[in-house]
Amino acid sequence: MPDLSDKSLPSLLVDIKPGIIDLGWGHPSPYLHPLDDIKEASNKLFSLGERDSLQYGASQGYGPFLESLARFLSGQAAYQTVTRPQELFLTAGASQGLDLACTLFAKSGDLVLVEEPTYFVIEKIFREHNLDVRGVSTDEDGMIVSDLRAKLESGMRPKFVYVIPTFQNPTGVSLSENRRRELIDLADEYGFYIFADEVYQLIYFDELPLPSMREFDGCNRVISFGSFSKILAPGLRTGWIHAAEEIVDKFTSSALAFSGGGFNQFGSVLIKHAIDLGLLEKNTDLLRKVYSNRSRVMGESLLKELGSSVEYTSPNGGFYYWIQFPEGFNTEEFLSECEDQGVSYRPGNAFSESGKFERYLRLTFTLYEEPEIAEGVARLASSYKRFS
Ligand SMILES: Cc1ncc(COP(=O)(O)O)c(C=O)c1O
């Protein structure tokens, strides 16, 4: 028998080199995984002997789950949108929902527009569908919708526009109310869909965010993607789409949802109990508090360690700090110096194919406890002093 002991396969997506505080990964820290809550919800499921949880599920998703989710979202101060179960569709996470939406709403060669910078994996997902991805500029109020308008007026005809309206990844900013309305008016006028990736909508700190994009959607152009990855646990691989019924019908009648039934039937039965038992609400509250404190620690450390040598805005929610270094600085070159000093991050150019974000980097405060965050920022600052 050959020795296979050195051939172990990875357990997790994160891959952190030993000795490094990696502020590049937007994942929750292990102690934040709500094991007891999942146990309680599972106990409920098993005590009720719910055999339907192991059957092929309804293509739209397990009905009682969609009802519980609709009640949960309607009651969220940060969502501010009355939500009906008929407008919801079960996904295996926002990534899977977005991928399926590309299959259903675009075809090879179609033009799609994204914010510049944007979530670093999304351009790859769109490219796997052979979509032609172009960027729209952003500022502290999110996508510059007048830039989008100019592109449309010059003849560009996107199939959809992908935006992260609230606590954007990587910049942390939110799309202003006027721009939300203008974007939806443009979608109506030019006949494109808005893929609104709203996975951070419920992770606010001191002030409530603007309502979800569906609240502004008078013309049924918004397809909103939500996820339990950011409010419960990413390993559950469960999320939802919130859109007009006619759009939900399109997802429901997709061949994929017909072949396999609802995506993640077991997970959604479990989450239905987590919602009904008040556990999701409790966990979301806890995450908001923990992340808010960690964000504050990161902000204080940045101020103390780097002072005015960099620029950033402290986020009001979400997972990220987007840091701007002086003109001419290259965060890809800086990375190896940082890793030598025991800290890592994601360079700005990972978030756009335009190559415009060489002097930016993104830091995350979710994976580490407060002392490690402070230590990570201190290492970043001492690397900067050596490097510049
Ligand atoms: C903007 C954005 N969308 C989607 C995802 C992935 O979501 P899910 O785990 O639901 O697939 C992430 C994860 O970092 C994200 O930042």
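The values are calculated or read from the model by the stated rules, or taken from the named source; none is laboratory data. Note that the structure is a prediction, hence the values are computed from the model and not measured. Every residue, glycine as well, gets a Cβ built from its backbone with ideal geometry; the counts of neighbours run over all protein chains shown. Calculation scope for accessible area: heavy atoms of the full protein, side chains included, ligands and nucleic acids excluded. Shrake-Rupley method; radii C 1.70, N 1.55, O 1.52, S 1.80 Å.
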### Task
Examine region 65-88 for a residue that is modelled with pLDDT of 95 or more, of a type in the set (Ser, Thr, Tyr) and within 16 Å of the ligand (Cβ to nearest atom), and state whether such a residue exists.
no
### Query
What is the one condition in (1) within 30 Å of Cys338 (Cα to Cα); (2) within 16 Å of the ligand (Cβ to nearest atom) that Ala94 does not satisfy?
(1)
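How many residues are of a type in the set (Ser, Thr, Tyr) and over 13 Å from Phe205 (Cβ atoms) if we restrict to region 285-312? Step through it out loud before you land on a result.
Kept after step one, since they are of a type in the set (Ser, Thr, Tyr), are these residues of region 285-312: 291-292, 295, 301, 308-309, 312.
Checking the rest, the ones that are also over 13 Å from Phe205 (Cβ atoms) come to 301, 308-309, 312.
Total satisfying the criteria: 4.
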### Query
Going by the conditions given, is Tyr31 open to solvent by 100 Å² or more (accessible area, probe 1.4 Å), aromatic (Phe, Trp, Tyr) and more than 30 Å from Phe365 (Cα to Cα)?
no
### Message
I need the full set of residues from region 207-243 which are in contact with a strand residue (DSSP E or B) (Cβ under 8 Å, 6 or more places away or on another chain) and of a type in the set (A, V, I, L, M, F, W, C), in order please.
### Response
Met213, Phe216, Val222, Ile223, Phe225, Phe228, Trp240, Ile241, Ala243
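Just checking, how many residues over region 63-102 are farther than 27 Å from Ser154 by Cα and part of a helix (DSSP H, G or I)?
First, the residues of region 63-102 that are farther than 27 Å from Ser154 by Cα: 63-100.
Filter again for part of a helix (DSSP H, G or I), leaving 63-74, 85-87, 94-100.
Residues in region 63-102 being farther than 27 Å from Ser154 by Cα and part of a helix (DSSP H, G or I): 22 in total.
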### Task
Among the candidates Glu337, Glu327, Glu332, single out the residue that is outside the structural domain of Ala94 (by TED's automatic domain parsing), free of Cβ contacts under 8 Å to residues at least 60 places away in the same chain, more than 19 Å from the chain's Cα centre (by Cα) and not in a helix (DSSP H, G or I).
Glu327
## Note on the structure
Of the residues in region 149-191, those that are away from the ligand (no atom under 16 Å from the Cβ), within 21 Å of Lys107 (Cα to Cα) and crowded, with 24+ Cβ neighbours inside 10 Å come to Pro158
### Query
Among (1) within 13 Å of the chain's Cα centre (by Cα); (2) part of a loop (DSSP other than H, G, I, E, B), where does Pro158 come up short?
(1)
### Query
So how many residues does region 67-80 have that are open to solvent by less than 10 Å² (accessible area, probe 1.4 Å) and within 17 Å of Glu245 (Cα to Cα)?
3
### Query
Within region 205-231, can you find the residues that are within 12 Å of the ligand (Cβ to nearest atom), open to solvent by less than 10 Å² (accessible area, probe 1.4 Å) and over 16 Å from Gly61 (Cβ atoms)?
Ile231
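Determine whether Glu281 is closer than 19 Å to Cys102 by Cα and touching a residue at least 24 places away in the same chain (Cβ under 8 Å).
Numbers: closer than 19 Å to Cys102 by Cα: no; touching a residue at least 24 places away in the same chain (Cβ under 8 Å): yes.
No.
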